[in-house]
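Structure first, commentary second.
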Amino acid sequence: MDRINEFFDKLFNYIPGHFFGLLYFIIGFLGDLIALIISALVGDYIMWEKSISVLGHQTGGIYLRGGLIISSIFSIPFIIYIGRAVKHEDVKENLRKITVSVGIFSSIVAILTGTFSGVNEFISMLHGLFALLSWIGGAIFCSLFGILMVRNPNFSKKAAYVGFIIAGIFITYLIPFFITNFCNLYTEICYELGRTIYTVMPLYEWTVIFSILFWYLFYASYLRYKNFEV
């Protein structure tokens, strides 16, 4: 653990920690945008009709998956950096470590989400599992970082509330997600309800994607503006 801390000490001396958050946003956003533009020109994907996973199999899918994998790699040092920034005597150390661990876990499963993507049934199952875990992890670490910022007087309450809002977007997406999948599994009970709910899911999923991109952009900019010492 000491060697890992020393590695990030040296890394942040050469590259400011907030820069990794900006890289996450830039690479992730460009990957999504290029994938959408290419698939729109080809005509093989409509973002308000099909889930993002479908785009991963289409013409622009390589940019979507590549952007997700590369940006999620850069998210790991940023999570560690912001975890150091929230460190304070009023912040419980165990809760801070748990928050950082959940953030890193969410990044790792996001990398796996982009890696395991295909029409093969087993690969599709892994993709869905990793995507679900990344969403759950995102909801948890956004909430926990918000709690840590509320307890840290160096952060404004407005900065903390941004995390709570984005966590809320994740949570409100997961509720219809579970209902839809339940109805797909038990078609005799609520198949029509599941199909009706699914009509709003693709755009809502994009809302989740853009909200987490905003999370990284906002806090990277905030930490740069405040010039936190970590």
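Computed about its Cα centre, the charge dipole of region 71-224 is approximately 740 debye, with only Lys, Arg, Asp and Glu carrying charge at their Cβ.
Test of understanding: what is the full-extension gain from S51 to S156, defined as 0.36 nm times their sequence separation minus their Cα-Cα distance? Please list the in-between numbers first.
Details: separation 105, 0.36 × 105 = 37.80 nm, distance 3.58 nm.
Length difference between fully extended and current span is 34.2 nm.
Our coupling estimate for region 80-95, obtained by passing each phi through the Karplus curve with A = 6.51, B = -1.76, C = 1.60 and θ = phi - 60°, is 5, 5, 5, x, 6, 5, 7, 5, 6, 5, 8, 9, 5, 5, 5, 5 Hz, Gly and Pro reported as x. Inter-part distance, region 1-67 to region 114-157, computed on C-alpha centroids, equals 14 Å. In loop segments of region 1-93 as defined by DSSP, the chymotrypsin sites (Phe, Trp or Tyr not before Pro) with at most 14 further C-beta atoms inside 10 Å of their C-beta are W48.
Between the helical axis of 18-42 and the longest alpha-carbon principal axis of the chain there is an angle of about 20 degrees.
Which of M149, M125 comes first, and how do the rest follow, when ranked by fewest Cβ neighbours within 10 Å?
Values: M149 27, M125 11.
Fewest to most other Cβ atoms nearby, the residues stand as M125, M149.
For K92, K87, what ranking results if the residue with the fewest other Cβ atoms within 10 Å of its Cβ goes first?
Ranked by crowding around the Cβ, least crowded first: K92, K87.
Any idea what the relative contact order of the chain is, in percent, if you count C-alpha pairs under 8 Å spaced at least 6 apart? Each step should come with its number before you reach the end.
Details: 292 pairs, mean separation 53.9, N = 230.
Contact order relative to length: 23 percent.
Under 19 Å of direct C-alpha separation, and excluding same-chain neighbours fewer than eight residues apart, K226 reaches these lysines: K87, K157, K158.
Under Stokes-Einstein, with the Kirkwood radius over Cα pairs standing in for Rh, what whole-number D in µm²/s applies to region 101-219 at 20 °C and 1.002 mPa s? Estimated diffusion coefficient is 138 µm²/s. The residues packed around L55, meaning those with a beta-carbon under 14 Å from its beta-carbon, carry a net charge of -2 if Lys and Arg are +1 and Asp and Glu are -1.
Using +1 on the beta carbon of Lys and Arg, -1 on that of Asp and Glu, and nothing else charged, what's the dipole of region 1-88 about the Cα centre, debye to 20?
Using only the charged Cβ atoms, the result is roughly 180 debye.
Residue order for L133, L55, fewest other beta carbons within 10 angstrom first, comes to L133, L55. Each label was represented as a point 7 Å from its Cα along the Cα-to-Cβ direction; for I15 and I34 these points are 1.8 nm apart. When only the Cβ of Lys, Arg, Asp and Glu is charged (+1, +1, -1, -1), the dipole of region 83-157 relative to its Cα centre reaches about 320 debye.
Where a number appears in this text, it was derived from the coordinates with a stated rule and is not lab data. Note that the coordinates shown come from a computational prediction; the quantities given were computed from them, not determined experimentally. Backbone-built Cβ (ideal geometry, glycine too); neighbour counts: all protein chains shown.
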